[in-house]
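The values are calculated or read from the model by the stated rules, or taken from the named source; none is laboratory data. None of these values were measured; they are calculated from a predicted model. Methodologically, a virtual Cβ is constructed for each residue, glycine included, from the backbone with ideal geometry; neighbour enumeration extends over all protein chains shown.
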Amino acid sequence: MLDGTLGVIFLSHPRLTFFCELESEPLQALINEQILADLSALQAGLSLAILDFNPARVKIVRRLTKAGIPVIAWLLLPKDQGSYFNMRNAPMALSFYKEFRTWTEENGLLWAGIGLDIEPDLQDFSELSNRRWHVLPKLFRRFMERKKLQEARALYLAMVNKIHSDGYLVESYQLPIIADERKAGSTLIQRIYGLVDIPVDREVWMLYTSFTRPKGSGLLASYAPEAQAIALGVTGGGVDAGVELPPPLTWEEFSRDLRLAWNWCEDLYIFSLEGCSQQGFLEQLKSFVWDQPILLPEWSTNQVNSLRWTLRIVLWASAHFTAILVFLIGVLLMVKGYYHFFKKRFRFPKR
């Protein structure tokens with residue numbers, strides 16, 4: 001039985017931005033004349049990971065700018081500082097931006113915007129995601145870290161304001177679960193995994209279906225209607241994260257995700273440029289038929305929606321724990337009071 005109904009996309013094509021997360025040497029090998037021609041033909045931008053401040057990266061940025069490719073500076077911390085921005089490395093993130101700004105000015109680099117990647121530390125995420133009992137004390141400590149989250153959010157807000165004052169737009173790369181937490185009025189997920197919810201000019205939700213097979217299309221279709229911008233993938237590439245990753249998307253999966261996401265969103269980000277290059281996707285994208293009818297995955301979307309509603313209930317309860325506890329105590333006291341009242345009022349004879 002087919003999982004869905006047909007939907008048709010009417011607009012011509014989306015705005016594409018590719019992520020590129022490579023060290024300087026492989027980056028130099030990747031950015032050749034053919035890649036520049038492909039990006040120009042696709043009218044695509046590039047979100048380039050700033051992994052170092054060496055002269056090779058300066059030359060690459062200048063080459064892209066000269067070719068008319070909009071380049072977003074995707075800021076990433078060194079691996080020993082957690083790579084991704086999160087609640088626990090906010091001071092280091094602010095310091096990193098200041099260092100980046102000095103490097104930019106010294107080399108006269110031009111940026112289309114600044115990208116902040118807000119994710120848990122990979123090692124931290126792996127540890128908290130397993131089911132071993134030894135993580136329970138850490139979970140309890142993080143449950144109590146409301147003040148630390150507020151302090152981190154204040155630092156990131158100051159960072160965003162600084163970036164704005166320097167004349168740049170700011171975009172963030174967020175896990176989509178942040179949307180459910182907002183609707184529930186909770187900060188539980190943020191405290192546990194170190195995420196920070198900050199307002200930016202464009203928020204890009206990372207809806208990587210390669211990590212969520214076989215319900216990936218349902219996850220994408222569930223969150224996409226609410227998204228400002230969507231990141232798709234993974235097509236391969238990136239730096240060595242030290243963890244085992246699922247196989248990259250095939251062309252069939254990738255083309256499905258492109259059309260599905262374009263059904264709701266005009267700004268699509270793709271992880272990654274190097275992965276698309278390795279798999280020959282760039283050439284196929286240049287002749288891609290965007291307005292082909294698509295099959296909306298209704299069954300898997302409904303499953304994901306149900307899971308999201310359950311999650312929101314849990315998150316809402318965590319945000320109103322004290323009120324719920326007071327309410328339950330009040331109900332118990334009321335029941336106890338009524339019990340004693342009726343016991344005194346109606347004395348039944350003993351048999």
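Some notes on this structure:
- Region 63-112 - residue that is polar (S, T, N, Q) and within 17 Å of the chain's Cα centre (by Cα) and, of those, nearest to LYS148 (Cα to Cα): ASN86
- Just so you know, in region 12-57 the residues that are in contact with an Asp or Glu (Cβ under 9 Å, 6 or more places away or on another chain) and in a helix (DSSP H, G or I) include one that is nearest to LEU77 (Cα to Cα), and it is SER24.
- Qualifying residue in region 211-219 (condition: in contact with a Leu (Cβ under 7 Å, 6 or more places away or on another chain) and buried (at least 18 other Cβ atoms within 10 Å of the Cβ)): yes
- Looking only at region 87-124, residues that are within 12 Å of TYR193 (Cα to Cα) and not charged (D, E, K, R) come to 5 in all.
- Residue match in region 216-229 (condition: modelled with pLDDT of 95 or more and under 22 Å from LEU76 (Cβ atoms)): yes
- Close pairs (8 angstrom Cβ cut-off, 6 or more residues apart or separate chains): farther than 24 Å from ILE69 by Cβ in region 93-114, surrounded by fewer than 19 Cβ atoms within 10 Å (Cβ to Cβ) and small (Gly, Ala, Ser) anywhere: LEU94/ALA158
- Here LEU295 clears all of (1) loosely packed, with under 10 Cβ neighbours inside 10 Å; (2) at pLDDT below 90; (3) outside any helix (DSSP H, G or I) except the condition numbered (1).
- Identity of the residue in region 181-207, within 25 Å of ARG256 (Cβ to Cβ) and surrounded by fewer than 22 Cβ atoms within 10 Å (Cβ to Cβ), that ends up nearest to the chain's Cα centre (by Cα): MET206
- Of all residues making up region 12-47, the number that are without any contact (Cβ under 8 Å) to a residue 60 or more places away in the chain and in contact with a helix residue (DSSP H, G or I) (Cβ under 7 Å, 6 or more places away or on another chain): 4
- Residue in region 210-232 that is in contact (Cβ under 8 Å) with a residue 24 or more places away in the chain, acidic (Asp, Glu), out of contact with any Gly (no Cβ under 9 Å at 6 or more places or on another chain) and closer than 30 Å to GLU283 by Cα present: no
- Residue within region 237-256 that is crowded, with 23+ Cβ neighbours inside 10 Å, under 22 Å from ILE118 (Cα atoms) and modelled with pLDDT of 95 or more present: no
- For TYR269, the conditions (1) surrounded by 15 or more Cβ atoms within 10 Å (Cβ to Cβ); (2) farther than 18 Å from TRP205 by Cβ; (3) at pLDDT 95 or above all hold with the exception of (2).
- Test result for VAL204, part of a loop (DSSP other than H, G, I, E, B), under 18 Å from ARG182 (Cα atoms) and in contact (Cβ under 8 Å) with a residue 40 or more places away in the chain: no
- Any hit, region 154-172, residues being farther than 19 Å from TRP74 by Cβ and in contact with a Gly (Cβ under 9 Å, 6 or more places away or on another chain): no
- Residue list for region 41-62, filter: of a type in the set (Gly, Ala, Ser), within 15 Å of GLU23 (Cβ to Cβ) and under 25 Å from the mean Cα position of the chain (by Cα): ALA49
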